[in-house]
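Step one of this worksheet: look at the structure below.
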Amino acid sequence: MSTFRYSAEIFSSPEFVWKVLIDVERWPEWTPTVTRVERLEAGALALGSRTRIWQPGLMTTVWEVTELDPATGIFVWRTGRPGVKVIAVHDIKPAPGGSTYLTLALTYGGLLGPFMAMQLKHLNWEYLTREAQGLKARCEQSLSDNAAAP
């Protein structure tokens, strides 16, 4: 298995970060690594929910939610093709002062997983970094907008 992990501190509450994070249909608004999202079931994101995602430089992929717990701040989904399984973990934890620690991780498994991870190494690091920074900017901008409102 090969794992890529990126962490950032977001100066916004874990509850707000969670709300933005699980609204996957709006990801194209705050991360350039996702150009289009299509939920395959109606309603709120839940265990077993599937979402089709378009990302530059990657094949269109369907992700299935395998863990979703707002109490612990964990959102995990998986995708795969023959010989390759990918698990994406989104983990948010409270930080001192009311901010949030965010950790994003991608784990590649399966017979071809390590090869695929090596082939996409630079893209994985770029995408994890840009997604974390995009979420941070979105949440902190919303906080700033709310503070400026009368």
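Odds and ends about this structure:
- Some residue of the range 126-133 being open to solvent by 20 Å² or more (accessible area, probe 1.4 Å), hydroxyl-bearing (Ser, Thr, Tyr), in a helix (DSSP H, G or I) and modelled with pLDDT under 95: no
- Only one of the listed residues (PRO28, PRO32) is modelled with pLDDT of 95 or more, open to solvent by 30 Å² or more (accessible area, probe 1.4 Å) and part of a loop (DSSP other than H, G, I, E, B). That residue is PRO32.
- Looking only at the range 1-21, and only at residues there that are open to solvent by 50 Å² or more (accessible area, probe 1.4 Å) and not basic (Lys, Arg), the one that is farthest from the chain's Cα centre (by Cα): MET1
- Pairs linking a residue in the range 88-116 that is open to solvent by 50 Å² or more (accessible area, probe 1.4 Å) to a residue that is acidic (Asp, Glu), with Cβ atoms under 9 Å and 6 or more positions apart or on different chains, are TYR101/GLU9; TYR101/ASP91.
- THR72 modelled with pLDDT of 95 or more, of a type in the set (Ser, Thr, Tyr) and closer than 16 Å to VAL24 by Cα: no
- Considered as a group, the residues in the range 67-87 that are assigned to a strand (DSSP E or B) and touching a residue at least 40 places away in the same chain (Cβ under 8 Å) include one that is least open to solvent (accessible area, probe 1.4 Å), and that residue is PHE75.
- Taking the listed residues ALA71, ALA137, ALA95, ALA105, the one that is within 22 Å of PHE16 (Cα to Cα) and touching a Lys or Arg at 6+ places or on another chain (Cβ under 7 Å) is ALA105, with no other qualifying.
- Odd one out for SER49, checked against (1) open to solvent by less than 20 Å² (accessible area, probe 1.4 Å); (2) within 23 Å of SER7 (Cα to Cα): (2)
- Total residues in the range 134-150 satisfying the condition of being out of contact with any strand residue (DSSP E or B) (no Cβ under 6 Å at 6 or more places or on another chain) and either modelled with pLDDT of 95 or more or surrounded by 14 or more Cβ atoms within 10 Å (Cβ to Cβ) (or both): the figure is 7.
- Number of the condition not met by SER49 [criteria: (1) in contact with a strand residue (DSSP E or B) (Cβ under 7 Å, 6 or more places away or on another chain); (2) at positive phi]: (2)
- Among the residues of the range 54-66, none qualifies, meaning not one is in contact (Cβ under 8 Å) with a residue 40 or more places away in the chain and touching a Gly at 6+ places or on another chain (Cβ under 8 Å).
- Residue check for GLU9: of a type outside the set (S, T, N, Q), more than 30 Å from LEU111 (Cα to Cα) and touching a residue at least 12 places away in the same chain (Cβ under 8 Å): yes
- In the set GLY97, GLY57, only one residue is assigned to a helix (DSSP H, G or I) and at pLDDT below 95; that residue is GLY97.
The values are calculated or read from the model by the stated rules, or taken from the named source; none is laboratory data. Given the structure is predicted, the values throughout are model-derived calculations rather than measurements. No Cβ is skipped: glycine too gets one built from the backbone with ideal geometry, and neighbour counts run over all protein chains shown. For the accessible areas, the whole protein counts, side chains as well, though only heavy atoms, and no ligand, DNA or RNA atoms are used. Shrake-Rupley method; radii C 1.70, N 1.55, O 1.52, S 1.80 Å.
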